[in-house]
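Please read the structure below before turning to the comments.
The values are calculated or read from the model by the stated rules, or taken from the named source; none is laboratory data. As the structure is a computational prediction, the values presented were derived from the model and not from experiment. All Cβ positions, glycine included, derive from the backbone under ideal geometry; neighbour counts span all protein chains shown.
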């Protein structure tokens with residue numbers, strides 16, 4: 001797998017399930033991760049973030065994270081605009 005390749009939330013959940021089944025069938029986590037073409041570190045990070053989620057829940061989580069990022073950026077821009085306007089209003093420009 002290419003470094004930095006992005007997986008959709010659906011793909012992540014499916015890979016986590018695939019690895020869990022392989023481990024339940026007697027494979028080690030390392031072997032199961034290698035077969036899924038991800039590192040163990042990626043597996044544990046994904047399991048921490050997506051563990052127990054259904055595919056639709058994982059998709060919704062990512063959508064909400066993206067929306068949250070946009071809203072934070074918007075608030076930062078508005079706060080900066082507000083500071084500039086206050087400086088202009090007080091004559092400190």
**Asked** When both residues are 6+ apart or on different chains and their Cβ atoms are under 9 Å apart, which pairs have a first residue that lies in the stretch 26-51 and is on the phi > 0 side of the Ramachandran plot and without any contact (Cβ under 8 Å) to a residue 40 or more places away in the chain, and a second that is assigned to a helix (DSSP H, G or I) and surrounded by 12 or more Cβ atoms within 10 Å (Cβ to Cβ)?
**Response** 37/15
**Asked** within 19 Å of the chain's Cα centre (by Cα) and at pLDDT below 95: does that describe residue 59?
**Response** yes
**Asked** Only one of (1) farther than 20 Å from residue 10 by Cβ; (2) surrounded by 10 or more Cβ atoms within 10 Å (Cβ to Cβ); (3) at pLDDT 95 or above is not met by residue 41, so which one is it?
**Response** (2)
